[in-house]
Structures are given as structure tokens and as C-alpha cells.
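One structure is given below, encoded as C-alpha cells.
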Amino acid sequence: MSFTSHMDLALEQARAAAARGEVPVGAVITDPRGQVVAMAGNRTRELSDPTAHAEILVIRAACRAAGSERLPGHRLYVTLEPCPFCAAVIAAARIERLYYGAADPKSGGVAQGPRIFSHAQCHHVPEVYDGISAGPAEALLKDFFAARR
């Protein structure tokens, strides 16, 4: 079986988020067959909702599509290392694999900071693959924040 990255679609979602004035983070979820079932970008400002991170929005949409609060066999592609909040939701949704691009030393919750998946209270740990399309994801974030300074 070959690996097909869907990070290009996540980067498109991140660029769309940046165009809306949102922090450019995008996410895509595929089902166990590898079919894209949901895509989203950050919408915290647009929706006036601090929980409207790309990961949360895409997990909500995938759960609606699956008719379940759990997504076994599903894979999440996200342009930035998930924060602790999103990492906890990824575990709760039972996502099988997490692929992310840029590391987030300031707010990350997977390889940085609290490392949510390492806690004994974390009952599900996805397989994690980092650095997927990290260069373009980092550049998008740097350009976005440089334009605001």
C-alpha cells in the first residue's frame, strides 16, 4: 500500500483561512479507504468561537458524515502541530493517524508543551507523523504574522 499525502489540500485550507484574516491552519480528514471526508481552516474570528480551530471543525464535519462521535481508521492531516485542546479532541475521536506539518514550540500539544498523547489519562494515542510539508506550512505562518507586525 502506498502513502498519499493530503497535506496539499490542508495547505489550501490554510491559505483560505489566511485570506479570511484567520491564522493560517488547515486540516483534512480521510476515511479508512483514503477518501477525503472533510476539510476546514481556522474560523475562530469569523465565528467568534475560540474552539473553531481547523482540527475541531474538520473532526466535527467528519463525525457528522460518519454518524458517530468516533472516527476509527480515519487520518487527520493538519498544517500545524495541534494545540493541547485539539490533541485531546483527536484522542477522543479515536483518529487513527495524525500527520502534521510545522512544529509549534509556543502552543503545540503533541511533541511540545504538555505532550497530550503521553499522559496516562489519554486513552487513545494515534500514530503521529510530523514534518509533512513543514516548509510550506512554516512559510505560510511566517508570512502571515510578518504582514501583521
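Which of the residues spanning segment 113-128 are under 18 Å from C83 (Cβ atoms) and of a type outside the set (D, E, K, R)?
Within segment 113-128, G113, P114, I116, F117, S118, H119, Q121, C122, H124, V125, P126, V128 qualify.
Look at segment 84-95 and say how many of its residues are surrounded by 23 or more Cβ atoms within 10 Å (Cβ to Cβ) and outside any helix (DSSP H, G or I).
Residues flagged as surrounded by 23 or more Cβ atoms within 10 Å (Cβ to Cβ) and outside any helix (DSSP H, G or I) within segment 84-95 amount to 2.
Mind checking which residues of segment 1-33 are touching a helix residue (DSSP H, G or I) at 6+ places or on another chain (Cβ under 8 Å) and over 21 Å from E138 (Cα atoms)?
Within segment 1-33, D31 is the sole residue that qualifies.
Quick one: is L57 among the aliphatic types (A, V, I, L, M), closer than 22 Å to H123 by Cβ, in contact with a Lys or Arg (Cβ under 9 Å, 6 or more places away or on another chain) and not in a loop (DSSP other than H, G, I, E, B)?
Against the criterion (among the aliphatic types (A, V, I, L, M), closer than 22 Å to H123 by Cβ, in contact with a Lys or Arg (Cβ under 9 Å, 6 or more places away or on another chain) and not in a loop (DSSP other than H, G, I, E, B)), L57 does not qualify.
Take R97 and decide whether it is out of contact with any strand residue (DSSP E or B) (no Cβ under 7 Å at 6 or more places or on another chain) and of a type outside the set (S, T, N, Q).
No: the conditions fail for R97.
Quickly run through segment 114-149 and pick out the residues that are under 20 Å from T79 (Cβ atoms), assigned to a helix (DSSP H, G or I) and open to solvent by 40 Å² or more (accessible area, probe 1.4 Å).
G135, P136, E138, A139, K142, D143, F145, A146, A147, R148
Within segment 34-75, how many residues turn out to be open to solvent by 30 Å² or more (accessible area, probe 1.4 Å), touching a helix residue (DSSP H, G or I) at 6+ places or on another chain (Cβ under 7 Å) and under 18 Å from L98 (Cα atoms)?
5
A quick yes/no check of all residues on (1) in contact (Cβ under 8 Å) with a residue 60 or more places away in the chain; (2) closer than 23 Å to D104 by Cβ; (3) part of a helix (DSSP H, G or I):
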position: L11; (1), (2), (3): yes, yes, yes
position: A16; (1), (2), (3): no, yes, yes
position: V23; (1), (2), (3): yes, yes, no
position: V28; (1), (2), (3): no, yes, no
position: A40; (1), (2), (3): no, yes, no
position: T51; (1), (2), (3): no, yes, no
position: R64; (1), (2), (3): no, no, yes
position: S68; (1), (2), (3): no, no, no
position: T79; (1), (2), (3): yes, yes, no
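The values are calculated or read from the model by the stated rules, or taken from the named source; none is laboratory data. These figures come from a predicted structure and were not determined experimentally. Every residue, glycine as well, gets a Cβ built from its backbone with ideal geometry; the counts of neighbours run over all protein chains shown. Protein only, heavy atoms only, side chains kept; ligands, DNA and RNA dropped before computing areas. Shrake-Rupley method; radii C 1.70, N 1.55, O 1.52, S 1.80 Å.
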